[in-house]
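Below is one structure, written out as structure tokens; the observations come after it.
The values are calculated or read from the model by the stated rules, or taken from the named source; none is laboratory data. Here the structure is a predicted model, which is why all the values come from computation and not from measurement. All Cβ positions, glycine included, derive from the backbone under ideal geometry; neighbour counts span all protein chains shown. The protein model used for the area step is the full one, side chains on, heavy atoms only, and it has no ligands, DNA or RNA in it. Shrake-Rupley method; radii C 1.70, N 1.55, O 1.52, S 1.80 Å.
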Amino acid sequence: MPFKRKAPPFAVQVLMGVILDGVMRPVIKLQEWRGGAVRMFGRISTGQQKGIRKKNPFRHYVPGHQDVFVMTYAKSGTNWMMQIAHQLIYHGRSDYDHLHDLVPWPDTTAMPFVRKYAIPIAEATHWQQSPERLRVIKTHFDWDMLPYSDQAKYIGVPVNGPYKAEHYRY
């Protein structure tokens, strides 16, 4: 049976919306007014990075010749880049309901509310029917958290902002 992504339950989506819009927005606005927003987000990001490093889903993964890692900073064109890479390996002839039904996003295993949002790597076998016999893997992790293999391919999309191009090792 093909994988079908599952969004979080509606109640969880509403709760997250209330938390983000009703709680976090006023806190952020207050911190911006006080001049402490950058420090606050820096501390939050540092804490999240420590937690994610402990739960890194790539820790025991060994990439193969079929793997194409698309590594981008969040909200910097990730889905667009994945779409380009995916259509290239299918010569523009891929058909699907949602890209996350085909493209694994291992980062979700470290995020409690979206664990079933994207197909797990172990179940992502559609690449075996692609003309190029390659599999796209989405990630927002930094390069140092990805497993390295001379056989795998890596696409990094640098942005201007918290993660600038000079932070990436090519």
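Annotation: V62 fulfils all but one of (1) surrounded by 13 or more Cβ atoms within 10 Å (Cβ to Cβ); (2) modelled with pLDDT of 90 or more; (3) closer than 17 Å to M145 by Cα; the unmet one is (1).
Only one of the listed residues (R5, R34) is farther than 17 Å from V136 by Cα and either exposed (fewer than 10 other Cβ atoms within 10 Å of the Cβ) or not acidic (D, E) (or both). That residue is R34.
Of the residues I119, I137, which single one is open to solvent by less than 20 Å² (accessible area, probe 1.4 Å), touching a residue at least 24 places away in the same chain (Cβ under 8 Å) and part of a loop (DSSP other than H, G, I, E, B)?
Values: I137 fails: part of a loop (DSSP other than H, G, I, E, B).
Residue meeting the stated conditions: I119.
Which ones in the range 85-102 are open to solvent by 40 Å² or more (accessible area, probe 1.4 Å) and among the aromatic types (F, W, Y)?
Y96
Can you say whether F10 is over 22 Å from H140 (Cα atoms) and among the hydrophobic types (A, V, I, L, M, F, W, C), as far as the supplied structure shows? Reasoning before the result, please.
Values: over 22 Å from H140 (Cα atoms): yes; among the hydrophobic types (A, V, I, L, M, F, W, C): yes.
Taking the combined requirement at face value, the residue satisfies it.
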